[in-house]
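Okay, structure first, notes after.
The values are calculated or read from the model by the stated rules, or taken from the named source; none is laboratory data. Since the model is a prediction, treat every value here as computed from it, not as a measurement. Because the Cβ atoms are built from the backbone with ideal geometry, glycine has one as well, and the counts that use them run over all protein chains shown. Heads up: the accessible areas ignore ligands, DNA and RNA and are worked out on the full protein's heavy atoms, side chains in. Shrake-Rupley method; radii C 1.70, N 1.55, O 1.52, S 1.80 Å.
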Amino acid sequence: MFFLMVSLLTNKFVQERSATLPTLFMIGVVVIGLFSVIFILYTNSFLIKRRKKEIGLYGILGLEKKHIAKILFFESLFSSLLSIVAGLLTGLLFGRLAFMLLNFMLRMPDDIEYSTSLVSAGATIALFTLIFGLTYLYNVSQFTFANPIKLLKGKQEGEKEPKGSLILFILSLILLGWGYGISITIPDPLAAIEKFFLAVLLVIIGTYLLFISGSIFILKALKNNKRIYYRPGAFISISGMLYRMKQNAVGLANICILASMVIIAVSTTITINLGSAETLENQYPYEHNVRLFGDMDNVEEMNTRFFEVQDEVIALTEENGLDVAEMESYRSESFFGNLVDGRFVFKQNLLGDDSPILMMAIPLEDFNGMTGDNYTLEEDEALFYHSTKTYTEGELAIGNKNYKLTEIENEFSADMEFTESIALVVPDVSHLLDIRDDFMKEFTESNHITIDAEIGLDVEGTEEQKEQLVNRLNSEYNGGSDSFSLYQSRENQREEWYSINGGFLFLGIFLGLLFTIGTLLITYFKQVSEGFDDREKFQIMQKVGLDEDMIKESTRSQIVWMFLLPIVIATIHVSFAYPIVRKLLLIFGVTNDMTWLMTFIAVVIAFAAIYWMIYRVTSKVYYSIVK
Amino acid sequence: MTLLEIKNLKKIYTARFSNQQTEALAAVNFSVEEGELVSIMGESGSGKTTLLNIISTLDDATSGEVYLDGNPLSKIKNKEISAFRRNTLGFVFQDFNLLDNFTIKDNILLPLVLSKTPLAEMESRLMPIVRNLGIESHIDKFPYEVSGGQKQRVAVARALITQPKIILADEPTGALDSKASQNLMEILGGINESGQTILMVTHSTRAASFSKRVLFIRDGAVYHEIYRGDQSADEFMDRISDSLKVLSSRGERDE
Ligand SMILES: Nc1ncnc2c1ncn2[C@@H]1O[C@H](COP(=O)(O)OP(=O)(O)OP(=O)(O)O)[C@@H](O)[C@H]1O
Ligand SMILES: [Mg+2]
């Protein structure tokens with residue numbers, strides 16, 4: 001029991017340590033912190049229940065409440081000191097071991113350092129002192145507000161149904177619905193980061209309430225259904241679960257939440273890792289990518305430079321003995337604004353309360369060249385793509401122009417789905433200049449708006465030649481901070497990507513491992529403590545003719561509860577988390593839903609299998625205790 | 001007709017951590033007729049509980065045999081022993097052994113549920129018994145919500161509901177005050193009147209006076225037995241007290 005607390009401490013401890021990805025890991029830390037609070041209060045309530053009789057006896061024997069409080073104080077002081085120290089030590093050890101193992105298994109390019117700091121140790125100690133203080137207060141209040149007789153009977157009486165369980169049930173549905181709603185309606189990845197934490201919190205609280213109220217409802221309904229209830233297996237297990245309904249519910253909710261976290265942590269990180277190649281292609285559609293930035297003082301310059309650089313790049317390629325396999329280039333102009341009554345109203349920059357829409361304007365000639373399409377546009381026509389597809393009017397006014405819109409699909413970059421974005425294909429480059437002029441009229445100070453260009457190409461040739469080209473292009477177009485161009489080679493980016501994504505995988509597996517251990521501990525703890533609780537009951541029942549087959553049957557009928565329920569609800573949680581997680585994945589450049597769906601399913605199945613094993617082993621333990 | 005026959009029953013306990021042996025039962029011989037109410041009395045440690053546990057198959061004898069309806073209990077296979085206990089025996093324990101997680105009703109129905117009795121049958125058996133025992137108003141309560149006497153009546157109801165061949169009771173009045181004991185014994189007497197065989201261990205002469213026959217056990221053997229015959233309960237009680245006195249004084253003289 002003690003060890004369990006200690007191990008959870010470990011989790012928390014390790015968590016604090018590896019907070020390398022500030023926001024996501026903050027969430028992790030808070031969730032685990034919250035979880036430790038619940039877990040320790042949960043274990044404590046078991047323990048204290050068992051001791052009620054003892055303490056009640058003290059009371060009857062004439063020990064004053066003051067003295068009892070004192071005894072309890074020293075006890076909890078001692079045990080919390082011991083568990084915090086032991087927890088920190090095991091945390092240190094476990095953390096190092098796990099990191100070593102994972103570093104070894106995943107063969108990281110650079111090992112991920114396991115670092116410890118006094119701050120995190122301090123935070124851990126503070127949190128757990130707080131938790132233990134809380135349990136102490138709870139325990140004292142338990143004893144001071146109850147009379148000795150009640151305490152003596154404490155263990156006999158079953159748990160009472162919590163007051164207002166119907167309200168709790170409705171509340172849980174509201175919280176879950178709210179959490180799910182956030183996930184489903186999330187418009188873009190940036191909002192997803194903001195709201196993710198709230199949604200997680202809502203769902204966690206909702207889950208607890210749901211299990212507490214819902215499981216009691218179901219159990220009572222089952223009990224009232226005489227056909228189901230009056231059968232040996234159900235008879236024993238349902239009554240047992242009702243007897244300790246809250247404990248049971250909290251335990252199941254713990255398992256369910258841990259299961260969801262394992263599934264999400266592991267499946268997303270695996271997806272990110274699997275999607276690395278694809279991510280790279282999204283991020284760097286071509287082997288060689290040159291980006292040209294427009295000159296604020298001389299905007300028209302781009303229209304000549306654009307073609308010059310293309311020729312230069314081709315010349316350089318051929319100089320190095322390579323052939324251009326594919327090439328794509330386009331000019332564009334990006335600016336922010338909002339859609340108001342059929343008009344795109346400019347905004348100077350990203351700041352402000354409402355998140356503005358990013359618009360990218362592209363000349364038709366470049367668009368056709370890029371996609372191979374053969375669109376033609378009149379002077380007052382434009383092709384239109386909107387990431388949220390919520391703008392359905394046929395016309396859009398920008399500056400002093402009004403365009404008739406033809407809707408097209410996203411032929412541009414996957415980045416367009418990060419935030420609400422619009423791509424507008426205008427008849428020719430002069431329109432870009434006009435828009436710029438209109439924009440500048442509104443914001444005279446602004447220098448944010450220029451015509452930029454992208455040139456991407458794939459080449460054919462030997463590796464050596466390719467490398468030479470990379471170096472050549474690098475020196476040519478990566479001229480430092482004051483240069484108007486940027487060159488990125490996919491090859492060079494690949495390594496960096498893999499090490500970052502490998503790091504994610506590592507953290508995901510690490511988290512998954514932690515949560516799985518948490519699940520194991522909770523399940524084990526639940527089964528063992530219930531086993532000892534039930535032992536006497538089973539002995540009595542054996543006296544009146546319960547045979548071993550029936551004990552087996554009653555443990556078997558728990559399967560639905562202990563095994564299926566948490567897994568199913570966790571799966572539902574995770575399914576609802578899908579939209580928000582998908583948006584978050586976009587940030588990492590993963591756009592392939594199939595990959596994510598497949599890994600998601602695989603992880604759910606794998607976790608179910610692991611949990612099944614945990615369940616089998618622990619229920620054997622339970623069985624051997626009660627027998 | 002003889003329902004229960006005990007022949008040469010012997011039980012030796014071996015201590016767990018030493019070779020020290022305790023002879024709880026030396027050589028017990030007696031039989032119980034169908035429809036009898038028999039009490040077993042004897043000093044503390046004389047082996048009464050041990051005897052009852054062997055009859056109820058909760059414990060094995062070292063040697064000797066128990067026959068029920070002429071069938072030796074030791075021949076019952078392990079697999080069938082629980083069903084046998086459920087269907088042919090009824091138990092009443094000194095400390096009630098009710099389960100806190102079941103209502104009174106479910107406690108009573110427990111053995112029937114375990115034998116997968118149809119629902120209608122369970123319900124139809126329940127009502128007459130609880131009415132008879134005067135606990136019908138409590139059946140939806142939990143054990144910790146009723147008094148000791150009521151709990152013991154619940155235990156009797158649980159023993160009766162399987163319509164067992166024999167009810168085995170180990171000091172059923174041990175945890176009850178005299179009024180509740182009286183009440184319980186009247187109930188057991190009534191049940192016996194209706195034909196139920198009951199074998200009971202007791203320390204109370206008043207409780208024993210309700211039976212038709214009293215067996216006295218000493219040093220692991222049946223030492224003496226007396227029949228009530230046509231005597232009234234009070235007269236029989238006096239005789240039981242006398243026998244007990246003789247028993248213990250002889251015991252003292254023996255030492
Ligand atoms: N499990 C056991 N192991 C060893 N010795 C035992 C065990 N159970 C009982 N005994 C011994 O066997 C003897 C008979 O015990 P038993 O419980 O049958 O007595 P009893 O007649 O029921 O006494 P009481 O009236 O106090 O209940 C006692 O000496 C006791 O110490
Ligand atoms: Mg005894």
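Would you point out the residue of the stretch B:119-140, among those that are of a type in the set (Gly, Ala, Ser) and closer than 22 Å to B:Gly190 by Cα, that is farthest from the other protein chains (Cβ to nearest Cβ)?
The selected residue is B:Gly134.
Of the residues that sit in the stretch B:163-216 and are in contact with a Gly (Cβ under 6 Å, 6 or more places away or on another chain) and outside any strand (DSSP E or B), which one is nearest to ligand 1 (Cβ to nearest atom)?
B:Ala175
Does B:Val201 satisfy the condition of being buried (at least 22 other Cβ atoms within 10 Å of the Cβ) and away from chain A (no Cβ under 14 Å)?
Values: buried (at least 22 other Cβ atoms within 10 Å of the Cβ): yes; away from chain A (no Cβ under 14 Å): yes.
Yes: the conditions hold for B:Val201.
Within the stretch A:221-252, take every residue that is of a type in the set (Ser, Thr, Tyr) and more than 8 Å from chain B (Cβ to nearest Cβ) and give me the one that is farthest from A:Phe525 (Cα to Cα).
Step by step, filter the stretch A:221-252, then rank; the result is A:Tyr229.
If you go through the stretch B:81-114, how many residues are over 20 Å from the mean Cα position of the chain (by Cα) and assigned to a helix (DSSP H, G or I)?
Total meeting the criteria: 5.
Considering only the stretch A:288-318, how many residues are of a type in the set (Asp, Glu), open to solvent by 50 Å² or more (accessible area, probe 1.4 Å) and at pLDDT below 80?
Step one: list which residues in the stretch A:288-318 are of a type in the set (Asp, Glu), which gives A:295, A:297, A:300-301, A:308, A:311-312, A:318.
Filter again for open to solvent by 50 Å² or more (accessible area, probe 1.4 Å), leaving A:297, A:300, A:308, A:311-312, A:318.
Those still in the list that are at pLDDT below 80 too: A:297, A:300.
Counting residues in the stretch A:288-318 that are of a type in the set (Asp, Glu), open to solvent by 50 Å² or more (accessible area, probe 1.4 Å) and at pLDDT below 80 gives 2.
Could you pull out the residue among B:Phe84, B:Phe93 that is within 16 Å of ligand 1 (Cβ to nearest atom) and within 27 Å of B:Gly189 (Cα to Cα)?
Numbers: B:Phe84 fails: within 16 Å of ligand 1 (Cβ to nearest atom).
It is B:Phe93.
Would you check if A:Ala249 is over 30 Å from A:Trp596 (Cβ atoms), in the same structural domain as A:Lys537 (by TED's automatic domain parsing) and open to solvent by less than 10 Å² (accessible area, probe 1.4 Å)?
Numbers: over 30 Å from A:Trp596 (Cβ atoms): yes; in the same structural domain as A:Lys537 (by TED's automatic domain parsing): yes; open to solvent by less than 10 Å² (accessible area, probe 1.4 Å): yes.
In short, yes.
Which condition number does A:Tyr286 fail, the rest of (1) more than 18 Å from A:Phe439 (Cβ to Cβ); (2) touching a Phe, Trp or Tyr at 6+ places or on another chain (Cβ under 6 Å) being met?
(2)
If the requirement is being within 22 Å of A:Tyr229 (Cα to Cα), within 14 Å of chain A (Cβ to nearest Cβ) and in contact with a Gly (Cβ under 6 Å, 6 or more places away or on another chain), which of these qualifies: B:Pro111, B:Pro143?
Being within 22 Å of A:Tyr229 (Cα to Cα), within 14 Å of chain A (Cβ to nearest Cβ) and in contact with a Gly (Cβ under 6 Å, 6 or more places away or on another chain) holds for just one of B:Pro111, B:Pro143, which is B:Pro111.
Here's a check for you: in the stretch A:516-554, which residue that is open to solvent by 20 Å² or more (accessible area, probe 1.4 Å) and among the β-branched types (Val, Ile, Thr) is nearest to the other protein chains (Cβ to nearest Cβ)?
Among those that are open to solvent by 20 Å² or more (accessible area, probe 1.4 Å) and among the β-branched types (Val, Ile, Thr), it is A:Val528.
Which of the residues belonging to the stretch B:96-108 are open to solvent by less than 10 Å² (accessible area, probe 1.4 Å) and more than 7 Å from chain A (Cβ to nearest Cβ)?
Of everything in the stretch B:96-108, those that are open to solvent by less than 10 Å² (accessible area, probe 1.4 Å) and more than 7 Å from chain A (Cβ to nearest Cβ) turn out to be B:Ile104, B:Asn107, B:Ile108.
Would the stretch B:133-140 turn up any residue that is in contact with an Asp or Glu (Cβ under 7 Å, 6 or more places away or on another chain), more than 16 Å from ligand 2 (Cβ to nearest atom), open to solvent by 10 Å² or more (accessible area, probe 1.4 Å) and not in a helix (DSSP H, G or I)?
No: zero hits.
Only residues that are surrounded by 13 or more Cβ atoms within 10 Å (Cβ to Cβ) and not in a strand (DSSP E or B): list them for the stretch A:403-421, please. Walk me through it before giving the result.
Here is the first cut: in the stretch A:403-421, the residues surrounded by 13 or more Cβ atoms within 10 Å (Cβ to Cβ) are A:403-406, A:408, A:410-421.
Those that are surrounded by 13 or more Cβ atoms within 10 Å (Cβ to Cβ) and not in a strand (DSSP E or B): A:Ile408, A:Asn410, A:Glu411, A:Phe412, A:Ser413, A:Ala414, A:Asp415, A:Met416, A:Glu417, A:Phe418, A:Thr419, A:Glu420.
Here is a yes/no grid of residues against (1) without any contact (Cβ under 8 Å) to a residue 12 or more places away in the chain; (2) open to solvent by less than 30 Å² (accessible area, probe 1.4 Å); (3) within 16 Å of ligand 1 (Cβ to nearest atom); (4) away from every other protein chain (no Cβ under 14 Å):
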| residue | (1), (2), (3), (4) |
| --- | --- |
| B:Glu23 | no, no, yes, yes |
| B:Phe30 | no, yes, yes, yes |
| B:Glu33 | no, no, no, yes |
| B:Ile40 | no, yes, yes, yes |
| B:Thr50 | no, yes, yes, yes |
| B:Gly64 | no, no, yes, yes |
| B:Lys75 | yes, no, no, yes |
| B:Glu80 | yes, no, no, no |
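Can you tell me which of (1) charged (D, E, K, R); (2) in contact with a Gly (Cβ under 8 Å, 6 or more places away or on another chain); (3) more than 30 Å from B:Ser204 (Cα to Cα) is the one B:Lys79 doesn't meet?
Only one criterion is unmet by B:Lys79, namely (2).
Can you pull out every residue in the stretch A:221-235 that is open to solvent by 10 Å² or more (accessible area, probe 1.4 Å) and in contact (Cβ under 8 Å) with a residue 40 or more places away in the chain?
A:Ala234
Just to be sure before I move on: is A:Tyr208 open to solvent by 10 Å² or more (accessible area, probe 1.4 Å) and either more than 25 Å from A:Gly531 (Cβ to Cβ) or within 13 Å of another protein chain (Cβ to nearest Cβ) (or both) in the structure I sent? So that I can check it myself, show each step before the final result.
Working: open to solvent by 10 Å² or more (accessible area, probe 1.4 Å): yes; either more than 25 Å from A:Gly531 (Cβ to Cβ) or within 13 Å of another protein chain (Cβ to nearest Cβ) (or both): no.
The answer is no for A:Tyr208.
From B:Asp140, B:Asp170, grab the single residue that is touching a residue at least 60 places away in the same chain (Cβ under 8 Å) and of a type in the set (Asp, Glu). I'd like the intermediate steps shown before the answer.
On the way: B:Asp140 fails: touching a residue at least 60 places away in the same chain (Cβ under 8 Å).
Among B:Asp140, B:Asp170, only B:Asp170 is touching a residue at least 60 places away in the same chain (Cβ under 8 Å) and of a type in the set (Asp, Glu).
For the stretch B:24-48, give me the residue count where each residue is farther than 25 Å from B:Glu193 by Cβ and either β-branched (Val, Ile, Thr) or away from ligand 2 (no atom under 16 Å from the Cβ) (or both).
Count: 4.
So is B:Met122 loosely packed, with under 15 Cβ neighbours inside 10 Å and either modelled with pLDDT under 90 or more than 16 Å from ligand 2 (Cβ to nearest atom) (or both) or not?
no
Being hydroxyl-bearing (Ser, Thr, Tyr) and more than 16 Å from ligand 2 (Cβ to nearest atom) is the filter here, so list the residues in the stretch B:152-190 that pass it. Talk me through it step by step, then tell me what you get.
Of the residues in the stretch B:152-190, the ones hydroxyl-bearing (Ser, Thr, Tyr) are B:162, B:173, B:178, B:181.
Within the stretch B:152-190, B:Thr162, B:Ser178, B:Ser181 meet the criteria.
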